[in-house]
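See below for the structure under consideration.
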């Protein structure tokens, strides 16, 4: 548990929609996304260092805020998001083989900013997102089948209240959706085989009011991180803050407390499962409403069985809360901010690669246009595809 004392209430470690300190859904590894198998780490990092950016055909959806973006193994899908004061559910698919976009069937359910989504291997699952407010309203999810260009709507998800920060993972058999419902962590699984939902909340201390959530599916279990915090006034203009992270693992129909020695003074940005380890991107400290020095904390690797941590060396983009993408042999860090400002010598769209073989970071060419803050880039096995704020599709290839 973290404890801090603050004179007045000065915010720190702010939680962005979608996770513990980061926006959007987690960027899938190439294995999880269905494209590009395991590569030689040294060769992957070396070839990426010789990569370059290209501007491809613009999306027919134009500039959107927070659309769902997913890689199917052969196509990039873009669905929903917000456009001005509307939440259109239309979508499009990009085929790298011919470099063209095509319109797809519109979603039958609202797909707002920061919707939870995950590729199941054959269909794209989407649920909720912010609908011009700060929460996902109760309702059904939907699954899109690219082969038939059709949607199937699920039964209403078993969330009784508006769900904040929804995230989704695929276990190989079930879709698991988690979020913050009021002040508690809410979790439900959906079985595409029988079309049924099941509510499965983790047992957490009543005093640990949830502020944010992160989740990952490993080879044999689902792990959920819950950030909690509270402030108590302890004197005139003085507050004491209490905060921490509860870690729970779900397998075999049961939750286990696996918090152990997990770091308690920093948030958990969207983690990635590489097939061997959990990769946690650089993040921030969290101490409630207290001042703290500017600057991000380095990312780290966690053993999926023991959660034992191995710290990464400090990277050139750590202070930007970068989005990270696993290529199968290296980790790409991308500064998602579309506005100029922040750390010196870092601009919107800047990128770096971490080589697991050498343990070193290396700067890469930055994107030629500002990227969408909350549209996850994806590695296809051959290139990185990322949407720009104006709707252009950008490619970084070896």
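The values are calculated or read from the model by the stated rules, or taken from the named source; none is laboratory data. None of the values given here were measured: they were computed from a predicted structure. When we count neighbours, we look across all protein chains shown, and the Cβ atoms used for this are built from the backbone with ideal geometry, even at glycine.
Here's the yes/no breakdown for (1) modelled with pLDDT of 95 or more; (2) touching a strand residue (DSSP E or B) at 6+ places or on another chain (Cβ under 9 Å); (3) closer than 17 Å to residue 264 by Cβ:
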| residue | (1), (2), (3) |
| --- | --- |
| 174 | yes, yes, no |
| 177 | yes, yes, no |
| 183 | no, yes, no |
| 186 | yes, yes, no |
| 194 | yes, no, no |
| 208 | no, yes, yes |
| 225 | yes, yes, yes |
| 234 | no, yes, no |
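Considering only residues that are under 12 Å from residue 144 (Cα atoms) and either free of Cβ contacts under 8 Å to residues at least 12 places away in the same chain or part of a strand (DSSP E or B) (or both), which ones fall in the stretch 94-126?
104, 117, 118, 119, 124, 125, 126
Keeping to the stretch 186-207, report how many residues are touching a residue at least 60 places away in the same chain (Cβ under 8 Å) and in a strand (DSSP E or B).
Restricting attention to the stretch 186-207, the residues satisfying the condition of being touching a residue at least 60 places away in the same chain (Cβ under 8 Å) are 187, 190, 192.
After this cut, where a residue has to be in a strand (DSSP E or B) as well, the list is 187, 190.
So the count comes out to 2.
With the stretch 220-330 as the region, which strands (runs of 3 or more DSSP E) entirely inside it contain at least 2 residues that are surrounded by fewer than 22 Cβ atoms within 10 Å (Cβ to Cβ)?
Per the criteria, 222-235, 238-251, 254-257, 300-302, 309-311.
Just one of (1) modelled with pLDDT under 90; (2) within 20 Å of the chain's Cα centre (by Cα); (3) at negative phi trips up residue 263, so point out which.
All conditions pass for residue 263, except number (1).
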